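One structure below.
The values are calculated or read from the model by the stated rules, or taken from the named source; none is laboratory data. Quick caveat: nothing in here was measured; it's all calculated off a predicted structure. In this analysis, Cβ positions are derived from the backbone assuming ideal geometry, glycine residues included, and neighbour counts consider all displayed protein chains.
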Amino acid sequence: MAEKDNPSKKLCAQMRLWEFPDQYVIEPTDGSSGSCLSVSRTDGSMKHIDEIPECSSLRVPKIQTVFGVIGTLKLLAGKFRI
């Protein structure tokens, strides 16, 4: 079986980025039931989560469509995503 036909290795063509004050959450939007990726804004740690964190008046996320994540870059002034 060709690797591109294997559903367990499917890549997302489009994702949704949720920017919370304490974390970034990348959600697949291709209709799959895959987990989301959470990236801590304080220490850069990453983990898979099953659902988007709750939003409140104090935690209003900025939401945008993204088409990929290249990696993380740690700078002296802080951490940034490219």
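Can you name the residue in segment 61-82 that is surrounded by 12 or more Cβ atoms within 10 Å (Cβ to Cβ) and not in a strand (DSSP E or B) and is also modelled with the lowest pLDDT among such residues? Here the residue is VAL69. Being in a loop (DSSP other than H, G, I, E, B) and touching a Cys at 6+ places or on another chain (Cβ under 9 Å) is the filter; apply it to segment 8-60 and report the residue that is nearest to THR72 (Cα to Cα). Per the stated criteria, the residue is PHE20. Contact map, segment 37-58: first residue over 20 Å from GLN14 (Cβ atoms), second residue basic (Lys, Arg) and assigned to a loop (DSSP other than H, G, I, E, B), Cβ cut-off under 8 Å, separation 6 or more or different chains; pairs are PRO53/ARG59. What are the residues in segment 1-45 that are modelled with pLDDT under 90, surrounded by 12 or more Cβ atoms within 10 Å (Cβ to Cβ) and among the β-branched types (Val, Ile, Thr), if any? Selection gives THR29 alone. Beta carbons closer than 6 Å, at least 6 apart along the sequence or on distinct chains, never pair a first residue in segment 15-29 that is under 12 Å from VAL69 (Cα atoms) with a second that is among the aromatic types (Phe, Trp, Tyr) and surrounded by fewer than 18 Cβ atoms within 10 Å (Cβ to Cβ).
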